[in-house]
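> Let me give you the structure first, and then I'll get to my questions.
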Amino acid sequence: MDIEIIRQRLAEITISGKSVAGSKTDENKVVNWLQSMQHDGTWSDITYHSDNLKDWEALPHLTRLLHISKMWDCPDSKLYRHDDLLQTILRGLDAWYRIDPQNPNWWWMQIGAPQRLADILLTIVDHCDSSYIERAIPAFEKHLPGNRFTGQNLVWVAMIEVSHGVIVKKPAIIAAGLHLIHNEVRIMARNEGLQPDMTFFQHGLLLYSGGYGQNFASDVARLFWVINGTRFQWPDLQPKMQLFTRYILDGSRWMVRGRTFDYSAIGREISRCNHSAELLLRGAAILAEVNHDKHDELAALAASSPANPVTVIGNRMFWCADYMAHHRPGFSVTIRVPSNRVVNVDDPCCGGEGRLCHHMAEGATFIYRDGDEYRNIFPVWNWRHIPGTTVEQHSEPLNPASLRGFGTTSFCGGVSNNLVGAITTDFKRDSLQARKSWFCFDGAVVALGAAISSTAAVAVRTTIDQCHPRGTLLYHGEPLTEEVTQLMPNKELTHNQLAVTLLNGTNGAVTLKNATGSWADCGVESTEPITLPVLDIAIDHGIKPQNNSYAYTIQPASDTTAAWRRQLMIVRNDSLCQAVWHHGENYGMAIFFSAGETSLPNGLHITPSHPCALLYRQEGESTHLWLADPTQTLTTITITLRGLKNATLTTTLPVHEYVGSTVALILST
């Protein structure tokens, strides 16, 4: 009885469109496929012998059969349980088994094709003879043993085991698959899988919350729904569900704006057309059906769209991934920095997917309002102009052989009190070095760069943004009329209802012009040329800069942006310390690259015993401090205060899985 319940639920997931392969079926397409299938069960427009690693040309055969089986098994369809549909499915399966298509990419053979085959058989298992099941079993078992996989790859093969067990009605196979997934829904600190800060790692210590982690969110949520209330339900289902809900709400939700999953967290999938947060939103919708305590938050996330882009407000530092997300009603900003603890980007796969992502972890700063600011711009991107990065502008193409690796320094990380935060990197790559920090206030993000030096005989450039031009483009209140416009300090550039302002003597330029490229230029998709207008905002540091610096703000554009900046003071921006103070928000933020004193405008002098990241706020007689160690090596730190307050505070810093996270201190008098 319980096996049949699980079968029905798995089939319902596919029919309703809650799975990846289970997207909504077009009845007209099904009719066309019925009419165009040849007598031998094949389609003339499908190539059955192909070595394409990413878009396997043979797979549409199973995809079509799956859509036909969905239509056959859907009570709302006019074709529900029509025998000619069933015979078409069986004839198509006979053809697949006979041809036995092969692909050199192991993923298709051990996961992709068996998944679709299982989904087809789940709908027709009681309406076909046993030979159709028996011939599928070698595909279902190709991945064995399943425990050799990790992360989402393990969840995929385990779900195939569950489906296999349901199809052959063997509880032991179902239980084996569920056991694998049960063991994966836990904290896998510094290993592939779910991290203590609610990020997701795959392919080593690589942030992949928006790639493999999205599939994890979708598949595990489906599983909770499928086994709920059956004898296969885990005894500890509730604590597992609570942890998994935290992963979605305290982790992945912070990486979404509108329908977009932040591009810093999707790995090589940035080179895929129309990438979105669809899988996460599906997972949230399914989980809302079984987690009633968090139903409203999950349902709100599931409803996220460009028209309704805001699902969370605040600041979150993900200390395992060296990544910060900052959300306000008017904008979101994400920043990712490169430490020697985590992998920067993935290897190019499937013939070169993601092969231009070299600088994606080097301070990449994505700026969103509705989430569509960068949608499908990547074929025409200059990949040395990634927003937020400071890069040597070499003329030769980026070399895929030098793509993947760890950062070169340990001082990369940030501090957050969940409302505001600061993140930093002591950046070094080849001959270039820079100290870069971002200070995320309620009203703006302040970006500082100092000690920018290089010995390479090429220009060094800090890119502020490279995006679609949207809305009215104004500089100092006047429309942009030139292809290139020089930017001066303290004059606003507004676009997409956002204001970018250079500060403290920083000069730059904004370029607005068309660029042409193709998805094949950055990945393995279409070679068809695409031409798009691109807005590029940057600071040129010249050739072989020595000890250069910059400062700029990013704000929602309004009649109060200038007033907000007038209350901002850049306290320091040098090789030893970067610090800012905002009078109106009553926050001081500082990055200490070395121990030493910094003085804030309100009369407080702060001296840490070690390099650190620090937030400060005075609330009446109470002094609030938030501290973090970007190196993730310290166990204690001492802060000396004098002037407005006089005290010496020593605190223990987080260790083990929480190393690098923020500690809060309150001094009351």
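The values are calculated or read from the model by the stated rules, or taken from the named source; none is laboratory data. Bear in mind that the values here come from a model prediction, so they are computed numbers and not experimental data. Cβ atoms come from the backbone with ideal geometry, glycine included; neighbour counts cover every protein chain shown.
> Do we find that R246 is more than 26 Å from L117 (Cα to Cα), basic (K, R) and under 18 Å from the mean Cα position of the chain (by Cα) in this structure?
Yes, satisfied.
> In region 86-137, how many are of a type in the set (K, R) and touching a residue at least 60 places away in the same chain (Cβ under 8 Å)?
Counting residues in region 86-137 that are of a type in the set (K, R) and touching a residue at least 60 places away in the same chain (Cβ under 8 Å) gives 1.
> How many of the residues in region 502-513 are over 17 Å from G542 (Cβ atoms) and surrounded by 22 or more Cβ atoms within 10 Å (Cβ to Cβ)?
Count: 1.
> Something else now. Given the options A307, A284, name the one that is touching a helix residue (DSSP H, G or I) at 6+ places or on another chain (Cβ under 9 Å) and either surrounded by fewer than 21 Cβ atoms within 10 Å (Cβ to Cβ) or not assigned by TED's automatic domain parsing to the domain that holds W438 (or both).
Selected residue: A284, the only one of A307, A284 that is touching a helix residue (DSSP H, G or I) at 6+ places or on another chain (Cβ under 9 Å) and either surrounded by fewer than 21 Cβ atoms within 10 Å (Cβ to Cβ) or not assigned by TED's automatic domain parsing to the domain that holds W438 (or both).
> Of all residues in region 506-527, how many are among the acidic types (D, E) and modelled with pLDDT of 95 or more?
1
> Now, a different point. Can you tell me which of E4, E12 is under 14 Å from L121 (Cα atoms), modelled with pLDDT under 95 and out of contact with any Leu (no Cβ under 7 Å at 6 or more places or on another chain)?
Just a single option satisfies the conditions, and that option is E12.
> Ok, one more. Answer yes or no as to whether T516 is surrounded by fewer than 15 Cβ atoms within 10 Å (Cβ to Cβ), in the same structural domain as T424 (by TED's automatic domain parsing) and not in a loop (DSSP other than H, G, I, E, B).
yes
> On to the next question. Say whether the condition of being surrounded by fewer than 22 Cβ atoms within 10 Å (Cβ to Cβ), more than 30 Å from V655 (Cβ to Cβ), in contact (Cβ under 8 Å) with a residue 24 or more places away in the chain and not assigned by TED's automatic domain parsing to the domain that holds N340 is met by at least one residue in region 195-209.
No, every residue in region 195-209 fails to be surrounded by fewer than 22 Cβ atoms within 10 Å (Cβ to Cβ), more than 30 Å from V655 (Cβ to Cβ), in contact (Cβ under 8 Å) with a residue 24 or more places away in the chain and not assigned by TED's automatic domain parsing to the domain that holds N340.
> Hey, can you tell me all the residues within region 452-491 that are under 30 Å from the mean Cα position of the chain (by Cα) and part of a strand (DSSP E or B)?
Answer for region 452-491, where residues must be under 30 Å from the mean Cα position of the chain (by Cα) and part of a strand (DSSP E or B): I452, V460, R461, T462, T463, I464, D465, Q466, C467.
> In the set S594, S575, which member is within 30 Å of R461 (Cβ to Cβ), at pLDDT 95 or above and in contact with a strand residue (DSSP E or B) (Cβ under 6 Å, 6 or more places away or on another chain)?
S575
> Any idea how many residues of region 599-613 are among the hydroxyl-bearing types (S, T, Y) and either surrounded by 21 or more Cβ atoms within 10 Å (Cβ to Cβ) or not in a strand (DSSP E or B) (or both)? Lay out the reasoning, then the answer.
Kept after step one, since they are among the hydroxyl-bearing types (S, T, Y), are these residues of region 599-613: 599, 607, 609.
Next, from what is left, pick out any that are either surrounded by 21 or more Cβ atoms within 10 Å (Cβ to Cβ) or not in a strand (DSSP E or B) (or both): 609.
Total satisfying the criteria: 1.
> Any residue at all in region 347-361 that is under 23 Å from G405 (Cα atoms), of a type outside the set (K, R) and touching a strand residue (DSSP E or B) at 6+ places or on another chain (Cβ under 7 Å)?
Our first condition is that a residue be under 23 Å from G405 (Cα atoms); within region 347-361, this holds for 347-361.
Going one step further and asking which of them are of a type outside the set (K, R), we end up with 347-354, 356-361.
Among the residues that remain, those that are also touching a strand residue (DSSP E or B) at 6+ places or on another chain (Cβ under 7 Å) are: 359, 361.
Among the residues of region 347-361, at least one is under 23 Å from G405 (Cα atoms), of a type outside the set (K, R) and touching a strand residue (DSSP E or B) at 6+ places or on another chain (Cβ under 7 Å), which makes the answer yes.
> Quick check on this structure: which one of S209, S218 is within 30 Å of W319 (Cβ to Cβ), in contact with a strand residue (DSSP E or B) (Cβ under 6 Å, 6 or more places away or on another chain) and hydroxyl-bearing (S, T, Y)?
Step by step, each of S209, S218 is checked, and only S209 is within 30 Å of W319 (Cβ to Cβ), in contact with a strand residue (DSSP E or B) (Cβ under 6 Å, 6 or more places away or on another chain) and hydroxyl-bearing (S, T, Y).
> Give the residues of region 558-597 that are assigned to a strand (DSSP E or B), in contact with a Gly (Cβ under 9 Å, 6 or more places away or on another chain) and without any contact (Cβ under 8 Å) to a residue 40 or more places away in the chain, sorted by residue number.
V571, C577, A579, W581
> For region 646-654, does any single residue satisfy the condition of being at negative phi, free of Cβ contacts under 8 Å to residues at least 24 places away in the same chain and surrounded by 15 or more Cβ atoms within 10 Å (Cβ to Cβ)?
Checked region 646-654: at least one residue is at negative phi, free of Cβ contacts under 8 Å to residues at least 24 places away in the same chain and surrounded by 15 or more Cβ atoms within 10 Å (Cβ to Cβ).
> Shifting gears a bit: Here is a list: G177, G165, G213. Which entry is of a type outside the set (D, E, K, R), within 15 Å of the chain's Cα centre (by Cα) and part of a helix (DSSP H, G or I)?
Just one listed residue meets the conditions, G213.
> Now for a different question. Is it fair to say Q555 is over 28 Å from R328 (Cβ atoms), assigned to a strand (DSSP E or B) and assigned by TED's automatic domain parsing to the domain that holds L615?
Here the answer is no, as Q555 does not meet what is asked.
> So in region 521-578, with the set limited to residues that are touching a Lys or Arg at 6+ places or on another chain (Cβ under 8 Å), under 30 Å from K54 (Cβ atoms) and among the β-branched types (V, I, T), which one is surrounded by the most Cβ atoms within 10 Å (Cβ to Cβ)?
V524
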